[in-house]
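Asks: First, the structure itself, so that you have it in front of you.
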Amino acid sequence: MNHVKWIPILSTLLLLGSCGAPARRTPARESFGSNPLWNDGRAEVSIFAGSDAIDPASRNARARLVVARAAAGAAAFLVRFSIVPSPSAPGDSTTTLATLDAQSLEPSRLVVTRIRGADTTVVTTSPAGPDSVRVAIESRGTSHGGGAAVWRWPDSKRPRAYADALPVWLRQWAGEKTNFEMPIWLVPGLGSVTRPDATPAPVDAEVRRMDGGIVVTPAGRFDAIEFAVARDGEADAFWFSAAYPHELLKVLTAGHLAFELRSRERLAGAAPSSR
């Protein structure tokens, strides 16, 4: 990976109000799950390699993203996104298991598991009502307990998103014909949560869709669509294939963790469990 090219990107993405910005609007959602591709009983499996974009030797990691229908014709996708540190540079491992609506890709359930040394923390979100979310935390190890909390989405017609599901959730707008800026409510990453009273509530955020140019990774050369998701003065960047099903190609987080696609394929029997 050419890490030097990543360094100036985040500061550029933060200039969302610069001259010539795309229209600020909420676009129509792509009916993502209506394509018969997802009814073949196979799962999309993507493998990524990552490291710190500023100091590539300091943090090497691998990631695996699996996306599949819960069952043929089902109204939900199952998604598993696992980030595992390199054996030569141990660190936290995080796995997100999500159940997403097949059309809107909105999560109905998220389970985020983080392993840090001898400690394992599992954070589960599920609906507590039309506009409420229940967050349950279970910790096993040396330092933390468990519990649950309930919070409400802000009263707004904005789209609702979880940072942990963005690698798939954003794909519903990759097929748009024009660029746009869109305000959303975003739940920050749940992997760092250890107590119910520290559960992150939704924050004001903005999605910007841009032409991503040509992206070259070890998996190939792609026409790309780029999204910046900005909040609290920082931004994450995502590049997706412009062609359906808009596979994730690259990620650059505000913390400088950069991932790029190494391989992709559709495999039978690789669908994640709903548990």
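Asks: What is the order of His256, His246, fewest Cβ neighbours within 10 Å to most?
Replies: His256, His246
Asks: With a 10 Å Cβ neighbour count serving as the proxy for reagent exposure, in which order, fewest first, do Arg209, Arg221 appear?
Replies: Least crowded to most crowded, the residues run Arg221, Arg209.
Asks: For segment 3-268, what's the relative contact order in percent, using C-alpha pairs closer than 8 Å and at least 6 residues apart? All intermediate terms of the calculation are to be shown ahead of the outcome.
Replies: Numbers: 645 pairs, mean separation 51.2, N = 266.
Averaging sequence separation for qualifying contacts and normalising by length gives 19 percent for segment 3-268.
Asks: Could you go through segment 110-127 in sequence order and give the Karplus-derived ³J(HN,Hα) for each residue, using 6.51 cos²θ - 1.76 cosθ + 1.60 with θ = phi - 60°, rounded to whole Hz, and x for Gly and Pro?
Replies: Taking θ as phi minus 60°, the curve returns 10, 10, 10, 10, 10, 10, 10, x, 8, 9, 10, 10, 10, 10, 10, 10, 7, x Hz for segment 110-127.
Asks: Okay, next question. Can you work out the Karplus-derived ³J(HN,Hα) for every residue in segment 157-164? Use 6.51 cos²θ - 1.76 cosθ + 1.60 with θ = phi - 60°, whole Hz, and x for glycine or proline.
Replies: Listing the rounded values in order: 8, 4, x, 10, 9, 10, 4, 5 Hz.
Asks: While we're here: Report the local net charge at Trp153: Lys and Arg +1, Asp and Glu -1, summed over other residues whose C-beta lies under 12 Å from its C-beta.
Replies: Around Trp153, the charge tally is +1.
Asks: Can I ask one more? In whole Å, largest first, what are the principal axis extents of the Cα atoms in the chain?
Replies: Projected onto the principal axes, the Cα atoms of the chain cover 48, 45, 42 Å.
Asks: At 0.36 nm per residue, and after removing the present C-alpha to C-alpha distance, how many nm does the segment from Ser156 to Ala74 gain when stretched out fully? All intermediate terms of the calculation are to be shown ahead of the outcome.
Replies: Values: separation 82, 0.36 × 82 = 29.52 nm, distance 2.87 nm.
Gain on extension, Ser156 to Ala74, equals 26.6 nm.
Asks: Could you work out how far apart the two model spin labels at Arg116 and Ala270 are, taking each label as a point 7 Å from the Cα in the direction of the beta carbon, and quote it in nm?
Replies: Spacing of the two 7 Å Cα→Cβ label points: 3.1 nm.
Asks: In addition: With r defined as the distance between the Cβ atoms of Leu37 and Arg64 and R0 fixed at 22 Å, what FRET efficiency is calculated, to the nearest 0.05?
Replies: 0.65
Asks: Post the alpha-carbon centroid distance, segment 188-231 to segment 99-136, in whole angstrom.
Replies: Their Cα centres are 17 Å away from one another.
Asks: If each residue of separation counts as 0.36 nm, what is the full-extension length gain between Ser82 and Arg29 once their alpha-carbon separation is subtracted?
Replies: Stretched fully, the Ser82-Arg29 segment lengthens by 16.4 nm.
Asks: Working out 0.36 nm times the residue gap between Asn179 and Asp211, then minus their Cα-Cα distance, what length gain in nm do you get to one decimal?
Replies: 10.8 nm
Asks: Based solely on its DSSP helices, what 222 nm [θ] is calculated for the chain when runs of n ≥ 4 H residues each add -39,500 (n - 2.57) and the sum is averaged over all residues, nearest 500 deg cm²/dmol?
Replies: Mean residue ellipticity, 222 nm, calculated: -500 deg cm²/dmol.
Rule-based calculations on the coordinates, nothing more; no lab input. It should be emphasised that the depicted structure is a prediction, and the values quoted were computed from it without experimental measurement. Note that each Cβ is placed from the backbone with ideal geometry, even for glycine, and that neighbours are counted across all protein chains shown.
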